[in-house]
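Colleague: Please read through the structure below; I'll follow up with questions.
Here, each number is a calculation from the coordinates, and none is a lab measurement. Please read these numbers as outputs of a predicted model, since none were measured by experiment. With ideal geometry, Cβ positions are generated from the backbone for all residues, glycine too; neighbour counts draw on all protein chains shown.
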Amino acid sequence: MNAEFERIETDELILLLAEKNPGDGIMLPFYYYDIIRKSDNAVVGKISVRIGRNFHSYYNGNIGYEVYEQYRGNCYAYKACVAVLTVAKAEGMDYIYITCAESNKASYKTIEKLGAKLFEICEVPQSYFAWHEGMERQRIYRLVLK
């Protein structure tokens, strides 16, 4: 995993590395960041980028994000995703999967704004590590990295 990605800055945000994890047999190696708004240093959410692919990452995706409720509606998830794509590219990934629950309109609008294409909407198999009773169908998107 690359040491240069401890801090990623954009015009509006700072992604500050909170954890770098080498992964295990199920979880891929990942970088986990706090999303910080530059104007006031407010932590507005979290984002992770998972490097590589396996059975579980198809359903979990290579990027996961959360913007705290009081900061939603400012495109922070989109802007943070754009920033972490540099990590995926530097780690040699040529495409990634990004997923969300079928009903999560805000999330899939963010994913589509990134240019990802809907691959499928599917039930998640019980063999997926995060499966739980009543789990919603997942929208699986694929984003080609150039």
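Colleague: Please turn the phi angles of the range 39-52 into ³J(HN,Hα) values with the Karplus equation 6.51 cos²θ - 1.76 cosθ + 1.60 (θ = phi - 60°), one per residue in order, whole Hz, x for glycine and proline.
Modeller: 4, 9, 6, 6, 7, 9, x, 9, 8, 10, 10, 9, 9, x
Colleague: For q = 0.09, 0.20 Å⁻¹, what log10 I(q)/I(0) does the chain give under the Debye formula with an equal point scatterer on each alpha carbon and no solvent?
Modeller: Normalising to I(0) and taking log10 leaves -0.26, -1.32.
Colleague: Still on this structure, please answer the following. Putting +1 on Lys and Arg Cβ atoms and -1 on Asp and Glu Cβ atoms, find which of 101, 64, 143 reaches farthest to the positive end of the dipole of the chain.
Modeller: 143
Colleague: Moving on to the next point. For the range 5-46 and the range 54-104, what is the separation of their C-alpha centers, rounded to whole Å?
Modeller: Centre-to-centre (Cα) distance: 12 Å.
Colleague: Would you tally the net charge around residue 51, using a Cβ to Cβ cut-off of less than 12 Å, leaving residue 51 out, and scoring K and R as +1, D and E as -1?
Modeller: Net local charge, residue 51 excluded: +3.
Colleague: What per residue convex hull volume, in Å³, comes out for the range 40-118 when only alpha-carbon positions are used?
Modeller: In the range 40-118, the Cα hull volume divided by residue count equals 99 Å³.
Colleague: Next question, about the same structure. In percent, how large is the relative contact order of the chain, given Cα pairs closer than 8 Å and 6 or more residues apart? If you can, show how the numbers build up before the last one.
Modeller: Numbers: 271 pairs, mean separation 27.5, N = 146.
Dividing the mean separation by the residue count of the chain yields 19 percent.
Colleague: So what's the range 83-146 giving for Cα Rg divided by 2.2 N^0.38 Å, two decimals?
Modeller: 1.21
Colleague: Which lysines, if any, have their Cα less than 29 Å from the Cα of residue 38, not counting same-chain residues under 8 positions apart?
Modeller: Result set, ordered by chain and number: 20, 46, 79, 89, 105, 109, 113, 146.
Colleague: About the Cα centre, and with charges only on the beta carbon of Lys, Arg (+1) and Asp, Glu (-1), how big is the dipole of the chain? Nearest 20 debye, please.
Modeller: 420
Colleague: Mind listing which chymotrypsin sites (Phe, Trp or Tyr not before Pro) in the range 1-90 are in a DSSP loop and have 15 or fewer other Cβ atoms within 10 Å?
Modeller: Counting only loop positions with at most 15 other Cβ atoms within 10 Å, the chymotrypsin sites (Phe, Trp or Tyr not before Pro) in the range 1-90 are 68.
Colleague: May I ask you to derive the FRET efficiency for residue 95 and residue 72 from their Cβ-Cβ distance with R0 = 22 Å, giving the value to the nearest 0.05?
Modeller: E(calc), rounded to 0.05, equals 0.20.
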